[in-house]
Amino acid sequence: MDNNNVGLLENSEVIDRVFGHIDSGTTDLGTTQWHEPVEHYTSEDRYEREIALLRQRPVVFRPSAAIPDAGSFISRTTAGTPLLVVRDNDLQVRTFINACRHRGMKVASGQGCTPTFSCPYHGWTYNLDGSVRGIPGEAAYPDLDKETAGLKELFAIERRDLVYVQQEGTPKLETLDAALNFFEPSQSLIHQSDTLDEANWKLLTETLLESYHIKSLHREIFYPLGLDNMNVVESFGQNSRVFYPFKRIEKLRPLPRDEREIEGFATLVYHLFPNVSVSVVSKHTSVTIIEPLSPSRTQMFSFYIKHAAKNGTEISHEEALQDVDFVNQSGQEEDRAAARDIQETVTTSANSHLTFGYYEKAIVSSHQQLQSELGET
Ligand code: FES
Ligand SMILES: [Fe+2]
């Protein structure tokens with residue numbers, strides 16, 4: 001992966017820093033303690049402003065591998081808008097509001113592959129580029145201009161194998177300057193899943209961004225393997241990268257610096273501000289979109305992409321799926337349960353705010369970014 005354009009450390013530099021921390025019993029630290037008001041996890045007003053932000057910037061909708069072919073489509077409501085994202089016959093990704101131009105029915109549901117869309121209500125049909133293809137009994141609509149009756153199109157762009165959608169405003173392409181190249185051409189989608197939780201989207205996001213909780217919350221799953229409360233935390237653009245080393249990273253110590261590879265020795269979590277994470281694990285990379293549905297309800301969509309062959313050895317489907325199960329399901333369930341529990345307490349008088357300290361640097365950074373984007377500073 002080429003990270004140099006955004007100023008992230010090279011792997012060998014991160015590993016040096018990890019060994020330094022191990023030797024001195026330290027970890028990367030922030031410099032700011034942060035108090036996030038509990039209302040920010042419950043308030044309709046804050047939620048509406050966050051949703052407006054999600055509509056006004058390019059946000060990851062899917063990895064490109066999830067809509068691979070001409071006619072591949074996915075429909076999903078995002079930031080309050082039912083969207084239909086499709087790869088057209090020229091292999092360009094397009095995004096439409098999933099609303100028939102006759103009487104507003106959703107023209108597609110779920111995901112799949114199709115040559116055309118046919119509205120289930122009265123059968124108006126649309127091409128993959130959104131244009132009207134056919135109208136049954138067309139003569140009954142003498143005023144209709146078919147040229148302008150196509151599906152309403154929004155801005156979509158693919159950048160480094162992620163599909164981004166911006167629903168409103170002039171495309172803020174500058175936010176994509178920090179887009180990284182996570183995937184190699186031969187990587188393939190091996191699994192996808194979604195979850196629904198009664199928890200604010202930020203609580204779920206926060207679980208991904210520090211390892212201060214490894215020993216307490218993941219005592220059985222991660223603590224035996226991972227270094228507790230030891231991270232290298234970096235920022236790039238509005239985003240963060242958190243490097244979670246495993247105890248076995250010590251095996252790399254005797255190797256020459258340029259022979260130290262991180263696969264199998266650490267998990268890299270990229271937080272793509274505001275609501276997407278990419279986790280690079282040993283045999284797969286997962287992309288998770290943390291979709292707010294209300295102040296206290298969140299759906300997470302995860303896509304798991306198998307890594308390419310390493311040194312000529314293909315990673316089997318089964319091996320990669322074991323990797324998926326271990327990290328993203330067992331661990332994620334504990335994180336999700338914590339987020340749901342916190343959602344129940346943020347409505348009480350126990351705390352006026354949640355507190356984030358120096359160990360929670362990446363979370364502090366994401367709250368700072370959000371506050372700034374919402375014009376609250
Ligand atoms: S609403 Fe789609 S054909 Fe009538
Ligand atoms: Fe966790």
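Give me the residue from the stretch 329-357 that is touching a Ser or Thr at 6+ places or on another chain (Cβ under 8 Å) and either outside any helix (DSSP H, G or I) or among the hydrophobic types (A, V, I, L, M, F, W, C) (or both) and, out of that set, farthest from SER216 (Cα to Cα). Only one residue fits best here, namely THR347.
Contact map, the stretch 86-106: first residue within 13 Å of ASN127 (Cβ to Cβ), second residue of a type in the set (Lys, Arg), Cβ cut-off under 7 Å, separation 6 or more or different chains; pairs are VAL86/ARG94; ASP88/ARG94; PHE96/LYS152.
I'd like to know if the stretch 212-228 contains one or more residues that are in contact (Cβ under 8 Å) with a residue 12 or more places away in the chain, among the aromatic types (Phe, Trp, Tyr), under 24 Å from ARG340 (Cα atoms) and within 16 Å of ligand 2 (Cβ to nearest atom). Yes; the residues of the stretch 212-228 include at least one that is in contact (Cβ under 8 Å) with a residue 12 or more places away in the chain, among the aromatic types (Phe, Trp, Tyr), under 24 Å from ARG340 (Cα atoms) and within 16 Å of ligand 2 (Cβ to nearest atom).
Just to be sure, is SER240 modelled with pLDDT under 95, more than 16 Å from ligand 1 (Cβ to nearest atom), within 22 Å of LEU354 (Cα to Cα) and surrounded by 17 or more Cβ atoms within 10 Å (Cβ to Cβ)? For SER240, the condition - modelled with pLDDT under 95, more than 16 Å from ligand 1 (Cβ to nearest atom), within 22 Å of LEU354 (Cα to Cα) and surrounded by 17 or more Cβ atoms within 10 Å (Cβ to Cβ) - is not met.
Among SER302, SER279, SER286, which is free of Cβ contacts under 8 Å to residues at least 60 places away in the same chain, assigned to a strand (DSSP E or B) and of a type outside the set (Lys, Arg)?
Numbers: SER302 fails: free of Cβ contacts under 8 Å to residues at least 60 places away in the same chain; SER279 fails: free of Cβ contacts under 8 Å to residues at least 60 places away in the same chain.
Sole residue among the options that is free of Cβ contacts under 8 Å to residues at least 60 places away in the same chain, assigned to a strand (DSSP E or B) and of a type outside the set (Lys, Arg): SER286.
The residue pairs whose first member lies in the stretch 5-32 and is farther than 22 Å from VAL364 by Cβ, whose second member is surrounded by fewer than 16 Cβ atoms within 10 Å (Cβ to Cβ) and among the β-branched types (Val, Ile, Thr), and whose beta carbons are closer than 9 Å, counting only pairs six or more residues apart or on different chains, are GLY20/THR26.
Is there a residue being touching a helix residue (DSSP H, G or I) at 6+ places or on another chain (Cβ under 7 Å) and among the acidic types (Asp, Glu) anywhere in the stretch 232-255?
Narrowing the stretch 232-255 to residues touching a helix residue (DSSP H, G or I) at 6+ places or on another chain (Cβ under 7 Å): 232-233, 235-240, 242-243, 245, 249, 252-253.
With among the acidic types (Asp, Glu) added as a condition, the list becomes none.
No, the stretch 232-255 contains no residue that is touching a helix residue (DSSP H, G or I) at 6+ places or on another chain (Cβ under 7 Å) and among the acidic types (Asp, Glu).
Among the residues examined, ALA108 qualifies as on the phi < 0 side of the Ramachandran plot, out of contact with any His (no Cβ under 7 Å at 6 or more places or on another chain) and surrounded by 19 or more Cβ atoms within 10 Å (Cβ to Cβ).
Taking the stretch 33-47 as the range and being of a type in the set (Phe, Trp, Tyr) and either without any contact (Cβ under 8 Å) to a residue 40 or more places away in the chain or under 30 Å from ALA266 (Cα atoms) (or both) as the test, only TRP34 passes. The set of residues in the stretch 138-159 that are out of contact with any Phe, Trp or Tyr (no Cβ under 9 Å at 6 or more places or on another chain) and either surrounded by 13 or more Cβ atoms within 10 Å (Cβ to Cβ) or part of a helix (DSSP H, G or I) (or both) comprises GLU138, ALA139, ALA140, TYR141, LEU144, LYS146, GLU147, THR148, ARG159.
This table checks each residue for (1) modelled with pLDDT of 95 or more; (2) more than 16 Å from ligand 2 (Cβ to nearest atom); (3) within 20 Å of PHE243 (Cβ to Cβ); (4) touching a Pro at 6+ places or on another chain (Cβ under 8 Å).
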site: SER277; (1), (2), (3), (4): yes, no, yes, no
site: THR285; (1), (2), (3), (4): no, yes, yes, no
site: LYS306; (1), (2), (3), (4): no, yes, no, no
site: LYS310; (1), (2), (3), (4): no, yes, yes, no
site: GLN322; (1), (2), (3), (4): no, yes, no, no
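Taking the criterion of being small (Gly, Ala, Ser) and either crowded, with 19+ Cβ neighbours inside 10 Å or assigned to a loop (DSSP other than H, G, I, E, B) (or both), the only residue of the stretch 9-28 that qualifies is GLY25.
The values are calculated or read from the model by the stated rules, or taken from the named source; none is laboratory data. Since we're looking at a predicted model, the values are computed, not measured. In this analysis, Cβ positions are derived from the backbone assuming ideal geometry, glycine residues included, and neighbour counts consider all displayed protein chains.
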